[in-house]
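*Asks:* After the structure tokens below, expect a handful of questions from me.
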Amino acid sequence: MATEGLTNLDIRCAEAGRKLGETINDEKVLNEAQAVLEEHGPYAIFLYVKARHKDAVSGFEQPLVELLGQTLRVKDKSALDIAKNAANDLDMLLFTRDLLRNTLSYARFHLKAKGGE
């Protein structure tokens, strides 16, 4: 059985989580973002970080936009545009939420491993 073309999405989430954990040094930001994701979804997570953690926006969005852009195969460069497009299809929306949830979990693990607050 050939495995060419298959992508391990858990590894992609872990890599994006590592990048996120390297740039965000406050576990509170990651915890709050995950809570917003669970309650309100992918679009809200990006709005929340822009509104509450302006200093962390670029470091927060960049790894997630890369992950979602590659995984969902979208050309959008904006986190909000990617989230909006995912909302057009329930399966895609739930898949996006799962990718973000896993990535945020890995980011928290990486932050704890390096001794972040």
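The values are calculated or read from the model by the stated rules, or taken from the named source; none is laboratory data. Keep in mind that what you see is a predicted model, and the values were worked out from it rather than measured. Here the Cβ is made from the backbone with ideal geometry for all residues, glycine too, and neighbour counts use every protein chain on show.
*Asks:* For the range 67-104, enumerate the residues that are in contact (Cβ under 8 Å) with a residue 12 or more places away in the chain, surrounded by 15 or more Cβ atoms within 10 Å (Cβ to Cβ) and farther than 17 Å from Ala44 by Cα.
*Replies:* Those that are in contact (Cβ under 8 Å) with a residue 12 or more places away in the chain, surrounded by 15 or more Cβ atoms within 10 Å (Cβ to Cβ) and farther than 17 Å from Ala44 by Cα: Leu67, Gly69, Thr71, Leu72.
*Asks:* Determine whether Ala35 is in contact with a Pro (Cβ under 9 Å, 6 or more places away or on another chain) and outside any loop (DSSP other than H, G, I, E, B).
*Replies:* No.
*Asks:* Which numbered condition in (1) part of a helix (DSSP H, G or I); (2) under 28 Å from Lys114 (Cα atoms) is the only one that Thr7 fails?
*Replies:* Checking Thr7 against (1) part of a helix (DSSP H, G or I); (2) under 28 Å from Lys114 (Cα atoms), the one that fails is (1).
*Asks:* If I ask for residues that are among the β-branched types (Val, Ile, Thr), assigned to a helix (DSSP H, G or I) and at pLDDT below 95, which ones from the range 66-111 would you list?
*Replies:* Thr71, Ile82, listed by residue number.
*Asks:* Also, quick follow-up: All but one of (1) hydroxyl-bearing (Ser, Thr, Tyr); (2) more than 23 Å from Leu90 (Cα to Cα); (3) outside any helix (DSSP H, G or I) hold for Ser58; which doesn't?
*Replies:* Result: Ser58 fails condition (3) only.
*Asks:* Right, next: Take the range 14-26 and flag every residue that is in contact with a Leu (Cβ under 6 Å, 6 or more places away or on another chain) and either modelled with pLDDT under 90 or closer than 13 Å to Leu100 by Cβ (or both).
*Replies:* Within the range 14-26, Ala16 is the sole residue that qualifies.
*Asks:* Would you check which residues across the range 10-32 are surrounded by fewer than 20 Cβ atoms within 10 Å (Cβ to Cβ) and outside any helix (DSSP H, G or I) and list them?
*Replies:* Asn25, Asp26, listed by residue number.
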